[in-house]
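Colleague: Can you keep this structure in mind? I'll have questions shortly.
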Amino acid sequence: MTLKIISAQEIVFEGQAKKVTLPGTMGAFTVLDRHASMVSTLAPGTVAYTDPEGTEHELAVPGGLADIDNNVVSVCIY
């Protein structure tokens, strides 16, 4: 799946991911390949993702929105 993390100032990350864990305001949740479409608000926390090679990455975020659709995870951070 494609992961895009963007802010008002820049594209923080855009690339492929096997797994993405997001800090939803109702609790953390994980997105895998072919996840159902959804939109969620994000609380301050950590976006964690695993790249296609299996390496795990983390990025602290102050909150934002996530849109999951058509195997694309778009994360807009404040």
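The values are calculated or read from the model by the stated rules, or taken from the named source; none is laboratory data. Given the structure is predicted, the values throughout are model-derived calculations rather than measurements. As a convention, Cβ positions derive from the backbone with ideal geometry for all residues, glycine included, and neighbour counts pool all protein chains shown. The accessibility values were calculated without ligands, DNA or RNA, using every heavy atom of the protein model including side chains. Shrake-Rupley method; radii C 1.70, N 1.55, O 1.52, S 1.80 Å.
Colleague: Which residues, taken from the range 22-51, are open to solvent by less than 70 Å² (accessible area, probe 1.4 Å) and under 12 Å from Met1 (Cα atoms)? Working first, answer last.
Modeller: Filtering the range 22-51 for residues open to solvent by less than 70 Å² (accessible area, probe 1.4 Å) gives 22-24, 27, 29-31, 35-36, 38, 40-43, 45-51.
Answer for the range 22-51, where residues must be open to solvent by less than 70 Å² (accessible area, probe 1.4 Å) and under 12 Å from Met1 (Cα atoms): Val31, His35, Tyr49, Thr50, Asp51.
Colleague: Can you pull out the residues in the range 52-76 that are assigned to a strand (DSSP E or B), among the β-branched types (Val, Ile, Thr) and open to solvent by 30 Å² or more (accessible area, probe 1.4 Å)? Can you show your working first?
Modeller: The initial filter retains those residues of the range 52-76 that are assigned to a strand (DSSP E or B), namely 56-61, 64-69, 72-76.
Retained after the next criterion (residues that are among the β-branched types (Val, Ile, Thr)): 61, 68, 72-73, 75.
Answer for the range 52-76, where residues must be assigned to a strand (DSSP E or B), among the β-branched types (Val, Ile, Thr) and open to solvent by 30 Å² or more (accessible area, probe 1.4 Å): just Val72.
Colleague: Evaluate the following for Thr55: is it touching a Leu at 6+ places or on another chain (Cβ under 8 Å) and either polar (S, T, N, Q) or within 13 Å of Phe13 (Cα to Cα) (or both)?
Modeller: Numbers: touching a Leu at 6+ places or on another chain (Cβ under 8 Å): no; either polar (S, T, N, Q) or within 13 Å of Phe13 (Cα to Cα) (or both): yes.
When the stated conditions are applied, Thr55 does not pass them.
Colleague: Does any residue of the range 14-26 turn out to be touching a Lys or Arg at 6+ places or on another chain (Cβ under 8 Å) and in a strand (DSSP E or B)? Explain how you work it out, then say what you get.
Modeller: Restricting attention to the range 14-26, the residues satisfying the condition of being touching a Lys or Arg at 6+ places or on another chain (Cβ under 8 Å) are 14.
Those still in the list that are in a strand (DSSP E or B) too: 14.
Yes - at least one qualifying residue is present in the range 14-26.
Colleague: Within the range 7-37, restricting attention to residues that are under 16 Å from Gly54 (Cα atoms) and of a type in the set (D, E, K, R), which residue is nearest to the chain's Cα centre (by Cα)?
Modeller: That would be Lys19.
Colleague: Any chance you could count how many residues in the range 5-44 are among the polar types (S, T, N, Q) and farther than 17 Å from Val61 by Cα? Spell out how you get there, then give the answer.
Modeller: Filtering the range 5-44 down to residues among the polar types (S, T, N, Q) leaves 7, 9, 16, 21, 25, 30, 37, 40-41.
Narrowing the set further to residues that are farther than 17 Å from Val61 by Cα leaves 16, 37.
So the count comes out to 2.
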